[in-house]
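K.L.:
Take this structure, written in structure tokens, and hold onto it; I'll ask about it next.
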Amino acid sequence: MKVTSAEFAGSATGPSGFPGDRRPEIAFVGRSNVGKSSLLNRLLGRRGLARVSRTPGRTQTINFYRVNDAFYFVDLPGYGYAKVSERIRRAWRPMVEGYLRGRELLRAVVVIVDARHPPTPLDQEMGAWLQAARIPQLVVLTKVDKIDRGAWRRSREITAAALGIHSPKEVFVFSAVTGEGEEELWQRLAQYLHHEDS
């Protein structure tokens, strides 16, 4: 898909702040510091659009990015961060689960996992929650440029097994540095958005 425009459309902590223009949405979620902002910036072709931080837990709101004036990418707060207050950690679940469970415009959730490490219990919990809620999910392994290409297959196998994905082929690989996997991921995302364009 060719991105002709991408802009920050606002932040929210609840439904009153969500966009009301009825465009479809794809959400992105993952453990803090997993490369979510870098992935979004690479997909959208805008280096600084989603803020990249070395401090886990920096994103504490639900952030909306309007793409091609046709749909939204939704950046959900990273989970599992330890350097924020207990109050913020407690607020994460109702905010994010409230969005995921109640947002009828949501078409799919991209679950992001660091290719260098097996999925964490929190990754597994998120995957199981989405399956139980019957929300389509795409699992993406980021930072594949940091491991040998020969290790990709094993990483996909481990991730698929841990998250209950039917086939390792359904686990996408991605590098925000080299662009590896960008085209394949866009093709799958477009499948969820296609019927909205017809």
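K.L.:
Give me the dipole magnitude in Debye, nearest 20, for the chain about the Cα centre, with unit charges on the beta carbon: positive for Lys and Arg, negative for Asp and Glu. Before the final figure, lay out the partial values.
P.N.:
Working: 30 positive and 21 negative charges, 126 e Å.
It comes to approximately 600 debye.
K.L.:
Another one. When the chain is fully extended, how far beyond the present Cα-Cα distance does Glu184 get from Gln60, taking 0.36 nm per residue of separation?
P.N.:
Values: separation 124, 0.36 × 124 = 44.64 nm, distance 2.92 nm.
That works out to 41.7 nm of additional length.
K.L.:
While we're here: For the chain, with a Gaussian network of springs between Cα atoms less than 10 Å apart, report the residue from Ser37, Ser16, Ser175 with the top mean-square fluctuation.
P.N.:
Answer for the Gaussian network model of the chain: Ser16.
K.L.:
Give me Leu44, Leu122 ranked fewest to most by other Cβ atoms within 10 Å of their Cβ, as a rough exposure proxy. Provide the component values of the computation, followed by the final result.
P.N.:
Numbers: Leu44 18, Leu122 14.
If I rank by nearby Cβ atoms, fewest first, I get Leu122, Leu44.
K.L.:
Something else now. Pulled fully out, how much extra length does the chain show between Met1 and Arg22, if you take 0.36 nm times their separation in residues and subtract their Cα-Cα distance?
P.N.:
Working: separation 21, 0.36 × 21 = 7.56 nm, distance 2.07 nm.
Once the chain is fully extended between Met1 and Arg22, it gains 5.5 nm.
K.L.:
In addition: What number comes out for the charge environment of Leu138, summing +1 per Lys or Arg and -1 per Asp or Glu over other residues with Cβ under 11 Å away? Please list the in-between numbers first.
P.N.:
Working: positive: Arg107, Arg188; negative: Glu170, Glu184.
Every neighbour counted, the sum reads 0.
K.L.:
Please work out the Kirkwood hydrodynamic radius for the stretch 6-197, using every pair of different C-alpha atoms, and report it in angstroms with one decimal place. Working shown, then result.
P.N.:
On the way: mean 1/r = 0.0598 Å⁻¹.
For the stretch 6-197, the Kirkwood estimate is 16.7 Å.
K.L.:
Among all the aspartates and glutamates, which ones have a C-alpha under 15 Å from Lys2's C-alpha, if same-chain residues fewer than 8 places away are not counted?
P.N.:
Asp69, Glu182, Glu183, Glu184, Asp197
K.L.:
Let me ask something else about it. Between Glu104 and Arg47, what FRET efficiency follows from the Cβ-Cβ distance if R0 is 35 Å, with the result rounded to 0.05? Write out the running numbers ahead of the final one.
P.N.:
Working: r = 32 Å, r/R0 = 0.92.
That gives a FRET efficiency of 0.60.
K.L.:
Using Cα-Cα distances under 8 Å and only pairs 6 or more residues apart, what relative contact order does the stretch 6-197 have, in percent?
P.N.:
Working: 330 pairs, mean separation 42.2, N = 192.
After rounding, I find 22 percent.
Bear in mind these aren't lab numbers, they're just calculated from the coordinates by the rules spelled out. What you see is a predicted model, and the numbers here were worked out from it, not measured in a lab. Don't worry about glycine lacking a Cβ; one is built from the backbone with ideal geometry, like all the others, and counts go over all protein chains shown.
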